[in-house]
1. For the chain, just the Cα atoms, rotate onto the principal axes and tell me the three extents in Å, largest first.
2. Could you tell me the distance between the Cα centroids of the stretch 1-32 and the stretch 185-222, to the nearest Å?
3. I need to check one value: relative contact order of the chain, counting alpha carbon pairs closer than 8 Å and at least 6 residues apart, in percent.
4. About the Cα centre, and with charges only on the beta carbon of Lys, Arg (+1) and Asp, Glu (-1), how big is the dipole of the chain? Nearest 20 debye, please.
5. How long are the semi-axes of the ellipsoid equivalent to the stretch 12-116, from square roots of 5 times the Cα gyration tensor eigenvalues, in whole Å, largest first?
6. Kindly give Rg over Rh for the stretch 169-248, based on alpha-carbon atoms, with the Kirkwood expression for the hydrodynamic radius.
7. If the elastic network links every pair of Cα atoms under 10 Å, which of 129, 12, 195 fluctuates the most in the Gaussian network model of the chain?
8. So, with +1 on the Cβ of K and R and -1 on the Cβ of D and E, and no other charges, what is the size of the charge dipole of the stretch 162-213 about its Cα centre, to the nearest 20 debye?
Amino acid sequence: MSVQTPRQLQGLQRAGRVVATVLRALREAVTPGVTTGELDAIAAGLFVAHGARSGPILTYGYPGSICVSVDDEVVHGVPGERTLCEGQLVTLDVAAEVDGFHADAAVTVPVGVVDVRARRLLVATRAALASGIKAAQPGATLREVGAAVDSAARARGFRVFRELTGHGIGLGMHEEPTVYNWAAPSATRVLTRGLVFTIEPMVSAGRTRLVLDSDGWTVRSADRSISAHEEHTIMVADGGPVVLTAAV
């Protein structure tokens, strides 16, 4: 989607605020002993309260309002009876639709106290997202955005999962273009004012091969290394990228 009117921008901002609100509540609820299903129930209740619908349910018939991925689960972890334990990492991935507009964001948070390598991974993944957002200027290419993400992760001793990408978003949950987290040769699209997409580095503490679980949704690191995932929905603008899912 490329924003053309104030109404479109306002619609995206409303969806982005819902996503930010849900993520804030989920972060506060993450504690040893909570289940991933309980986190999902919090999100479902907030969607209803804000007149929103779950993007994954609406678009794919996903078996949960949000994705909750733990440790070596990289993306699309299905919420359920699993209890979070001290020392784990949990990724909260929230996508919402409000009045026909979509927004999507994710954050990985520690459950209690985590070890040094996990803390370093979180810092690296947040830095990778920040670098990608900074690179998303009018006239830049998606290849430059991916290169910025990849370089930030590598500079801190970690690597991105190249098979997993960001995406266009707006009137649908997943739209063109594909937003690689590395300098993909095919990522030649030039960024134009108003273009809306997600930047979402998914970063490994080990190797970067992926496997799909038997549930048909959850994607894990093949070597069972921990991973982290940070995401925002942004709009390209003259004064710098507008982060539509930033907390207010």
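1. Taking max minus min along each principal axis of the Cα atoms, the chain gives 46, 42, 32 Å.
2. The stretch 1-32 and the stretch 185-222 have Cα centres spaced 20 Å from each other.
3. Contact order relative to length: 23 percent.
4. Dipole size: approximately 760 debye.
5. Equivalent ellipsoid of the stretch 12-116: 23, 13, 12 Å, largest first.
6. Radius of gyration over Kirkwood radius for the stretch 169-248 works out to 1.03.
7. 195
8. Computed about the Cα centre, the dipole is about 220 debye.
The values are calculated or read from the model by the stated rules, or taken from the named source; none is laboratory data. Treat the numbers as computed from the prediction; the structure is a model and nothing was measured. Cβ: placed from backbone, ideal geometry, glycine included. Neighbour counts: every protein chain shown. For accessibility, only protein heavy atoms count, side chains too; no ligands or nucleic acids. Shrake-Rupley method; radii C 1.70, N 1.55, O 1.52, S 1.80 Å.
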